[in-house]
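The values are calculated or read from the model by the stated rules, or taken from the named source; none is laboratory data. Just so you know, these numbers come straight off a predicted model, no measurement behind them. No Cβ is skipped: glycine too gets one built from the backbone with ideal geometry, and neighbour counts run over all protein chains shown. These area figures cover heavy atoms from the full protein model, side chains too; ligands, DNA and RNA do not enter into them. Shrake-Rupley method; radii C 1.70, N 1.55, O 1.52, S 1.80 Å.
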Amino acid sequence: MERIRKWAVLGRLAAIVRSRQPDDARLAFEADLAARLGLSRGALRNYADAVKLVRDIPEHGLRTLLFRSSAVAASTTARWFRRDPDAVHDYLRNGLAGNPPRIVDDRALLRAARVARPTPVPSVRHRWMPSPPNVAVQLKAVVEAPRLAWRNEIIRSVPQIIDRPRDDRFALADTRDPLSRFLGLTCAVVVKASKADNGDASLLLTVRDQSMVIGFIEIDQMVTLERYRTEARPIWTRAIAANVYFGGLVVLVLPSSAARRHMLSRIPIAGADWINHPQASVPRRDRDHPCRSRPVIARFGERAIMISTRRSLLGDIFDEAPSLG
């Protein structure tokens with residue numbers, strides 16, 4: 001009963017989050033409810049996301065079962081149900097325990113959902129294509145590639161990049177120092193001068209020792225797109241702090257263009273010189289390919305932050321992206 005009572009209270013939060021309440025009122029409600037339930041605000045939002053996902057399920061029996069389970073089990077099952085209802089029912093035949101029955105092994109559920117084959121959506125052509133690899137794999141292709149041409153937006157945003165010799169090579173930088181890890185830097189690429197040992201393209205270099213750095217902060221997939229709006233402030237703060245830490249260019253890599261749009265909707269335009277911001281009515285140049293991604297960049301003097309996606313990352317930085325095949 002305690003679990004169901006908590007879910008019912010959290011359902012009220014989900015309704016508040018979905019409504020168009022002012023930010024101050026919503027945050028005050030979250031803080032008060034989290035304190036009464038003995039939860040952190042982050043845990044409370046996870047419950048709220050799970051409530052929304054479960055309520056979208058059309059089957060009453062499955063909704064009831066998930067409200068008896070943990071928030072992790074509920075959100076995982078609800079997302080899995082969206083793409084493959086039959087696979088969910090097959091798993092639940094042997095994956096329940098207790099009286100009344102509920103999901104008790106969250107790890108087993110996560111493993112089953114992860115290995116299940118996703119059903120492609122034929123209405124969107126690019127979703128048939130495999131998802132791009134993570135940032136580290138994509139940057140490995142950059143490091144091992146011959147000289148690449150920077151996009152004009154990068155040259156305009158980080159002018160010091162054109163002061164380097166044209167035959168420079170790239171190297172991966174070591175981001176395992178405590179502050180880089182604290183800021184969430186997944187990896188970094190530095191410009192390695194041609195006089196260095198070009199045979200060691202995987203040389204690990206300390207981030208702070210480099211004069212030209214591109215740092216990457218990879219943002220994980222979130223339960224709902226709304227989370228990118230609510231988490232926009234801490235994500236943007238991390239990017240600015242990383243930019244101050246080592247200079248150069250910081251790239252936020254989001255899972256999709258939809259996630260990028262939602263996060264940008266909460267980042268103030270004032271205070272930065274923006275390139276290709278979706279709220280800016282800048283006409284596309286005739287020479288641009290209509291399907292080519294347009295990198296979104298915020299410039300702060302000689303520093304800059306780019307907001308990219310996993311699929312468009314290399315094309316946003318270089319005129320000719322290296323092949324990952």
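The table below gives the values:
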{"quantity": "Solvent accessible area, Å² - residue 40, 1.4 Å probe, full protein context", "calculated": "70"}
{"quantity": "Two-site label geometry, residue 60 and residue 41: point separation in nm, points 7 Å out along Cα→Cβ", "calculated": "3.8"}
{"quantity": "Under Karplus coefficients 6.51, -1.76 and 1.60, residue-wise ³J(HN,Hα) of the range 245-260 in Hz, glycine/proline x", "calculated": "5, 10, x, x, 10, 10, 10, 8, 10, 9, x, 7, 5, 5, 4, 5"}
{"quantity": "Per-residue ³J(HN,Hα) for the range 66-79, Karplus 6.51 cos²θ - 1.76 cosθ + 1.60, θ = phi - 60°, Hz, x for Gly and Pro", "calculated": "5, 5, 8, 9, 6, 5, 4, 5, 5, 5, 5, 5, 5, 5"}
{"quantity": "Solvent exposure ordering (accessible area, 1.4 Å, most first) of 52, 140", "calculated": "140, 52"}
{"quantity": "Most to least packed among 31-38, 239-246, 226-233, 43-50 [average Cβ atoms within 10 Å]", "calculated": "43-50, 239-246, 226-233, 31-38"}
{"quantity": "Amide proton proximity set for residue 309, modelled H, under 5 Å, gap of 5+", "calculated": "254"}
{"quantity": "Segment residue 26-residue 273, extension gain: residue separation times 0.36 nm, minus the distance between their alpha carbons", "calculated": "85.9 nm"}
